[in-house]
Amino acid sequence: MKNIFLSVCLLLTQFSFAQSLVKPASTGFDIVSSGIPHGKTDTITYTSKTVGNDRDALIYTPPGFDKSKKYPVLYLLHGIGGDELAWTNNGNAGTILDNLYAKNKLEPMIVVMPNGRAMKNDRAEGNIFSPERVEAFATFEKDLISDLIPFVEKNYPVKKDRENRAIAGLSMGGGQSLNFGLGNLDKFAWVGGFSSAPNTKKPTKLIPDPSKLKSNLNLLWLSCGDKDNLIPITENVHNYLNESDVPHIYYVDHGYHDFNVWKNSLFMFSQLLFKPVEEATFDDISNVGRPAETSIRSSEFPKVHPDGTATFQIKAPEAEKIQLDLGRKYDMNKTEEGIWQVTTDSLGEGFHYYSLLIDGVAIADPASETFYGMGRMASGIEIPFKGDDYYTIKNVPHGDIRIKRYYSEVTNSWREFYMYTPPGYGNTDQEYPVLYLMHGGGEDQRGWATQGKTDIILDNLIAEEKAKSMIIVMVDGNIPAPGFGEATLTLFEKELTEAVIPFVENNYRTKTGAENRALAGLSMGGIQTLYAGIYNTDLFSSLGVFSSGWIIGAHNDIASAQYEFMGKNAEKINTNLNNFWISMGGKEDIAWKNCQLMMAKFDELNIDYTYSEYPGGHTWPVWRNNLYNFAQLLFK
C-alpha cells in the first residue's frame, strides 16, 4: 500500500511539473545571484575528422554535478557573428541556467556550446558572410554528429539516446538547429530555433514528412522578436507546421534580432526540456505574453500577448462586480480565491488609459504605473507593435528630462514645466533652438514626457541625424481661468510669451529669434498653438497643430476673428512660417470635422500649410508619431 501511495504521489508531482505554464523571464533573470549553487563552464578540445584539426567548445555542467550520474545534453549554437564563447559572453547562459536551477525550474542537464563554423580558421573574423564561411555552418552538421557528440558521450556521464539529446540555437545557429535537428530525428527529440536565419531550409525540404515529426519529436520550439527583419523565416515554418498539423510552440517576443530575445528564448525553452510534455499547453505557452512595460516592478499583470490582447488581474475578494474600462468596458471574472481576471480583444498600438471599476467606483490599477490623464491619475498600458522602433530605448546618447519651477508674474503663482535637453547639453557651451510643446485637455506638463516619450523620440532622431539637437519645453497649459474661451486663451498667450519664454531664455543656453523657436500642441494644446502662434509669427518660425481645430460652436467667434486676421496678414504668415504642420488621427479622430472645416478656411485665405494623417484617432500613439515627424522639420 505504501508503494502504491508513493507511486501516485510521484505521478501527481510529474503531472504538476509538466502542466506548469512556462512564463517569460522577469527582470534579473540573467544577473549573477549570490548565495545559490553555481554550475561550471569549461573549455573542451576535441579532434574533428570532419575539419581535420582540433576544435574548441564550451561545456556547462550543472550545480551539484556528479560524475556517477548520467545527464541529458543540450547542444546550444551561436549566430553567424559568434563562436563558442557567444552564449557565455553575450548570452549569460550559465547565469540564466544557475538561476533557474535555484528555483527548481530545470532538469539537471549538460549544455555544450560549440563553434558552429566548421573550418580550420573558425574565428568570427574577416568577411563572416563569405561563401566558404557560410558553407562551414552547413559542414558543422557532420562535425557535430560524427565528432563532437561522440567526444562528449565518451568523456562525460551523459545519456546517449535521442530522448536525452536536444539542440537549439540563435540566428544562424537557429537555422542549424532546425536543419540538423529535424533532419536527424534519430539523434534529437528536442529542437529549438531562436530567430532562425536564411540558412534555414524551406519548410517542405525541412519537413518532407510531417508525420515523422508528430511521432518522433517531443518538442519543437520556434521563437523570434516581433521587430526582427528575419521573422518571416520563422513564420513560414510555423505556418507550414500548422497546415501539417504538427504540434509546436511559436513564441513571438517583443524585440529585435538580439540577445534580449535569445536569452528569454533560452530561459523558456530550457524549462521544457527532458520532462513530460503536454501538447495541450503549447498554445498557452505560445500566447503566454509578457508583463506590459507599464506594469510596476515584479508584477505579472497587466500582461500583453503576442496577438495584441492583454490580460488584467486584481485580487479583491470582497468586491461584488469589477469591470475593466478601456473605453470599452469588460466584465472581469472572479475565481474562488477572490482573484478577478479578464483578457481583452486585440488592442491598438501604443499607449492606452484605463481604469478598474470596482462596484462602480473607478480606481487606478495597483499593478500598473499611473499617469495624469482624463483629469485625474489613471492607469495606462503600453501595447508594443512592430513600428514602435522610433520610441524604443536604444544604445545611443541620451538627453535629460528636467523639472523646473518658476514664478509667473502673469498668474501670480508658482508654476512648473518639464524640459528635454539634448545629449551633450551639460558638456558644452553650445546654444540650442527651442520647441515649446503643449499637452491636451485633462493632462498637464507631464504628458509629453511620460505618455509621449518625448526624450526617447528625440534621442533616437538626433542619433540618426534626422533631427537637429534642440531643447523642448513642455509647458503646463492649464491656466487658472474659467472655461476655455478667449479670456483663457489670451491669458495662456501672455503666460507663454511673457513668463515661460523669457524665463527659459534667461536661464538656459538657447538661441533666440523666431527662426530658433517652434510651438506645437495636441488637442487643447493645438488650439493654444493656433491662438498664440498665428498671432505671433514674429516669435515662432514653425507651428504644429496635432488633432485639433477650432471647436465648432464654442469657438466660432474666436475662429472668425482669427480668420479675419489671417486674411489681412496671409502674406506675412506665409513668409514668417517655415512650417505650418497640421495632422490628424484619421476620420476616427474626434477633432476631424473641426480640423477639416478649419483647413478649408485656410485654403480660402491662401494660407500655406502641410497636412498629415496617421491612423489611430485621438490618442497618444498618433501624437507620438506627430512629434516624430514634426521634429524632423524644425530648425533646418
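The values are calculated or read from the model by the stated rules, or taken from the named source; none is laboratory data. None of the values given here were measured: they were computed from a predicted structure. Counting neighbours? That spans all protein chains shown, and the Cβs are built from the backbone with ideal geometry, glycine included. In case anyone asks, the SASA skips ligands and DNA or RNA and just uses the protein heavy atoms, side chains included. Shrake-Rupley method; radii C 1.70, N 1.55, O 1.52, S 1.80 Å.
Per this entry, residue 607 is counted among residues that are in contact with a helix residue (DSSP H, G or I) (Cβ under 7 Å, 6 or more places away or on another chain), of a type in the set (A, V, I, L, M), farther than 21 Å from residue 387 by Cβ and in a loop (DSSP other than H, G, I, E, B). Go through (1) assigned to a strand (DSSP E or B); (2) aliphatic (A, V, I, L, M); (3) in contact (Cβ under 8 Å) with a residue 60 or more places away in the chain; (4) open to solvent by 30 Å² or more (accessible area, probe 1.4 Å) and name the single condition residue 381 misses. With respect to (1) assigned to a strand (DSSP E or B); (2) aliphatic (A, V, I, L, M); (3) in contact (Cβ under 8 Å) with a residue 60 or more places away in the chain; (4) open to solvent by 30 Å² or more (accessible area, probe 1.4 Å), residue 381 is out only on (4). Among the conditions (1) open to solvent by 50 Å² or more (accessible area, probe 1.4 Å); (2) in contact with a Phe, Trp or Tyr (Cβ under 6 Å, 6 or more places away or on another chain), the only one that residue 163 does not satisfy is (2).
Kindly establish whether residue 452 is farther than 18 Å from residue 494 by Cα, in contact (Cβ under 8 Å) with a residue 60 or more places away in the chain, open to solvent by less than 20 Å² (accessible area, probe 1.4 Å) and part of a loop (DSSP other than H, G, I, E, B). Yes.
Pairing each residue of segment 102-120 that is surrounded by fewer than 16 Cβ atoms within 10 Å (Cβ to Cβ) with any residue that is part of a loop (DSSP other than H, G, I, E, B) and of a type in the set (A, V, I, L, M, F, W, C), provided the two are 6+ apart or on different chains, yields C-beta distances under 8 Å for 102/36; 120/51.
Just one of the listed residues (106, 144, 97) is in contact with a helix residue (DSSP H, G or I) (Cβ under 6 Å, 6 or more places away or on another chain), among the aliphatic types (A, V, I, L, M) and at negative phi, and it is 106. For the condition surrounded by fewer than 15 Cβ atoms within 10 Å (Cβ to Cβ) and of a type in the set (Gly, Ala, Ser), residue 617 does not qualify. Taken together, 83, 98 contain a single residue that is buried (at least 20 other Cβ atoms within 10 Å of the Cβ) and outside any loop (DSSP other than H, G, I, E, B), which is 98.
Is one or more of the residues making up segment 592-612 of a type in the set (Ser, Thr, Tyr), buried (at least 18 other Cβ atoms within 10 Å of the Cβ) and modelled with pLDDT of 95 or more? Within segment 592-612 (the criterion being of a type in the set (Ser, Thr, Tyr), buried (at least 18 other Cβ atoms within 10 Å of the Cβ) and modelled with pLDDT of 95 or more), the answer is no, since none of the residues qualifies.
Sub-7 Å Cβ pairs linking a first residue in segment 503-517 that is farther than 18 Å from residue 533 by Cα and at pLDDT 95 or above to a second residue that is among the aliphatic types (A, V, I, L, M) and surrounded by 13 or more Cβ atoms within 10 Å (Cβ to Cβ), at least 6 apart or interchain, are 508/471; 510/434; 510/471; 510/504, ordered by first then second residue.
Among the residues in segment 127-134, are any open to solvent by less than 20 Å² (accessible area, probe 1.4 Å) and hydroxyl-bearing (Ser, Thr, Tyr)? Taking every residue of segment 127-134 in turn, at least one turns out to be open to solvent by less than 20 Å² (accessible area, probe 1.4 Å) and hydroxyl-bearing (Ser, Thr, Tyr).
Scanning segment 387-408 for residues that are of a type in the set (D, E, K, R) and surrounded by fewer than 12 Cβ atoms within 10 Å (Cβ to Cβ), we see that the one that is farthest from residue 455 (Cα to Cα) is 405. Quick one: in segment 233-270, which of the residues that are part of a loop (DSSP other than H, G, I, E, B), under 24 Å from the mean Cα position of the chain (by Cα) and surrounded by 17 or more Cβ atoms within 10 Å (Cβ to Cβ) is modelled with the highest pLDDT? The selected residue is 257. Residue count for segment 543-577, restricted to those that are of a type outside the set (A, V, I, L, M, F, W, C) and in contact with an Asp or Glu (Cβ under 9 Å, 6 or more places away or on another chain): 8. Candidates are the residues of segment 437-446 that are surrounded by 24 or more Cβ atoms within 10 Å (Cβ to Cβ) and in contact with a helix residue (DSSP H, G or I) (Cβ under 8 Å, 6 or more places away or on another chain); the one that is nearest to residue 471 (Cα to Cα) is 437. Restricting attention to segment 285-310 and to residues that are touching an Asp or Glu at 6+ places or on another chain (Cβ under 9 Å) and among the polar types (S, T, N, Q), the residue that is farthest from residue 616 (Cα to Cα) turns out to be 287.
Cβ separations smaller than 6 Å between residues 6+ apart or across chains give the following pairs from segment 291-319 residues that are closer than 20 Å to residue 359 by Cα to residues that are surrounded by fewer than 13 Cβ atoms within 10 Å (Cβ to Cβ): 315/338; 317/338; 319/359. Taken over segment 504-522, residues that are under 37 Å from the mean Cα position of the chain (by Cα), of a type outside the set (Lys, Arg) and surrounded by fewer than 24 Cβ atoms within 10 Å (Cβ to Cβ) amount to 7.
Residue-by-condition table, conditions (1) open to solvent by less than 10 Å² (accessible area, probe 1.4 Å); (2) outside the structural domain of residue 431 (by the TED database); (3) more than 38 Å from the chain's Cα centre (by Cα):
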{"site": "551", "(1), (2), (3)": "no, no, no"}
{"site": "564", "(1), (2), (3)": "no, no, yes"}
{"site": "584", "(1), (2), (3)": "yes, no, no"}
{"site": "626", "(1), (2), (3)": "yes, no, no"}
